[in-house]
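**Student:** First, the structure itself, so that you have it in front of you.
The values are calculated or read from the model by the stated rules, or taken from the named source; none is laboratory data. It should be emphasised that the depicted structure is a prediction, and the values quoted were computed from it without experimental measurement. Glycine also receives a Cβ, built like all others from the backbone with ideal geometry; neighbour counts cover every protein chain displayed. Quick note on the areas: whole protein, heavy atoms, side chains included, nothing else; ligands and nucleic acids left out. Shrake-Rupley method; radii C 1.70, N 1.55, O 1.52, S 1.80 Å.
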Amino acid sequence: MSSIKPSILNIITCLLLTTSISAYASESKGPQLQGQLFLGGTGAAIGTLKILGKAFEQHHPKVSVNVYPSLGSGGGIRALLANKLSIAFASRPLKEDEQKQGLQATEILRTPFVFVTHPDVNVDNLNQDEIASLLSGQTTQWPDGSLVRPVLRPLYDADSKIIMSISPSLAEALKTAHQRSGRNIAATDSDSANELERISGSIGTTTMLLIHSEHRRLNILALDKVEPNI
């Protein structure tokens, strides 16, 4: 049975910064919140943040919640340090230099990290060797004869690191995929999901959280007959 590390979502705050939200006194209702919240970071969280933001505004009508498009984990952390965000969300732990700048991270949830294809791919289960062959270019066609078109993430990205941690064969296949001409590399989670939905015959990775919160039309694969679940 295969084992894949789940994608971990962290909420990151900075001790050196203050958020743009405050409380005001009301004689009839007591202290209430007012102001603005600016949220952003990993694309895996954007759909969920929009849902939670709307719910928060309904309970706190004096608060405006602004969710930025996908900045990536690193981009969200940099924006937080530049005082452009109230809270950043990341799918990786804080680095030592980020901690030294006063940042604190709290893990808030875990979500399955999954291999997916375009919905036109009539495949529901692959093993590790099959995925390695698809990524490396050894297998160039799906069973129906259509072209296999991998959507990659940057080699230093957290998603790539998770893939390489699954097995040595997948690690080598991913490195080979990054050396192929015409490779398609998506910078963020949102970019990757967009490409996977757009490109016929695509294969790549994302999270169950992103798929369900954004109602993405993607074919979720079982890995070595292990079905992902929420």
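**Student:** Give segment 145-172 a look and list any residue that's at pLDDT 95 or above and charged (D, E, K, R), or say none.
**Tutor:** Passing the criteria: ARG149, ARG153, GLU172.
**Student:** Which pairs turn up if I take residues in segment 65-80 that are closer than 9 Å to ILE46 by Cβ and look for partners that are open to solvent by 50 Å² or more (accessible area, probe 1.4 Å) and of a type in the set (Asp, Glu) with beta carbon separation below 9 Å, at least 6 apart in sequence or on another chain?
**Tutor:** Within 9 Å, the pairs are SER70/ASP191.
**Student:** Right, another one. When THR117 is evaluated against the numbered criteria (1) surrounded by 18 or more Cβ atoms within 10 Å (Cβ to Cβ); (2) of a type in the set (Ser, Thr, Tyr); (3) under 30 Å from ILE87 (Cα atoms), which criterion, by number, is the only one it fails?
**Tutor:** (3)
**Student:** Got a sec? Which helices (runs of 4 or more DSSP H) wholly within segment 32-133 have at least 3 residues that are farther than 27 Å from ASN229 by Cα and more than 20 Å from the chain's Cα centre (by Cα)?
**Tutor:** Of the helices (runs of 4 or more DSSP H) lying wholly inside segment 32-133, those with at least 3 residues that are farther than 27 Å from ASN229 by Cα and more than 20 Å from the chain's Cα centre (by Cα) span 46-59, 96-100.
**Student:** Does LYS175 meet the test of being modelled with pLDDT of 95 or more and out of contact with any Asp or Glu (no Cβ under 7 Å at 6 or more places or on another chain)?
**Tutor:** yes
**Student:** Moving on. Could you grab me the full set of residues in segment 79-103 that are open to solvent by 40 Å² or more (accessible area, probe 1.4 Å), modelled with pLDDT of 90 or more and touching a helix residue (DSSP H, G or I) at 6+ places or on another chain (Cβ under 9 Å)?
**Tutor:** Answer for segment 79-103, where residues must be open to solvent by 40 Å² or more (accessible area, probe 1.4 Å), modelled with pLDDT of 90 or more and touching a helix residue (DSSP H, G or I) at 6+ places or on another chain (Cβ under 9 Å): LEU81, LYS84, LYS95, GLN101.
**Student:** Applying the selection to segment 65-77, what residues are surrounded by fewer than 16 Cβ atoms within 10 Å (Cβ to Cβ) and modelled with pLDDT under 95?
**Tutor:** Of everything in segment 65-77, just one residue is surrounded by fewer than 16 Cβ atoms within 10 Å (Cβ to Cβ) and modelled with pLDDT under 95, namely PRO69.
**Student:** Give the residue, chosen from THR139, THR106, THR111, that is open to solvent by 20 Å² or more (accessible area, probe 1.4 Å), touching a Ser or Thr at 6+ places or on another chain (Cβ under 6 Å) and of a type outside the set (Gly, Ala, Ser).
**Tutor:** Sole residue among the options that is open to solvent by 20 Å² or more (accessible area, probe 1.4 Å), touching a Ser or Thr at 6+ places or on another chain (Cβ under 6 Å) and of a type outside the set (Gly, Ala, Ser): THR139.
Each row is one residue, and each column tells you yes or no for (1) part of a strand (DSSP E or B); (2) farther than 30 Å from VAL67 by Cβ; (3) touching a residue at least 40 places away in the same chain (Cβ under 8 Å).
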site: GLN138; (1), (2), (3): no, yes, no
site: PRO143; (1), (2), (3): no, yes, no
site: VAL151; (1), (2), (3): yes, no, yes
site: LEU155; (1), (2), (3): no, no, no
site: GLY182; (1), (2), (3): no, yes, no
site: LEU209; (1), (2), (3): no, no, yes
site: ARG217; (1), (2), (3): no, no, yes
site: PRO228; (1), (2), (3): no, no, yes
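**Student:** Turning to a different aspect of this structure: State which residue is surrounded by the fewest Cβ atoms within 10 Å (Cβ to Cβ) when the search covers only segment 186-207 and only residues that are in contact with a strand residue (DSSP E or B) (Cβ under 6 Å, 6 or more places away or on another chain) and part of a helix (DSSP H, G or I).
**Tutor:** Only one residue tops the list, namely GLU195.
**Student:** Which of the residues belonging to segment 189-207 are within 10 Å of the chain's Cα centre (by Cα) and aliphatic (A, V, I, L, M)?
**Tutor:** Within segment 189-207, just ALA193 meets the criteria.
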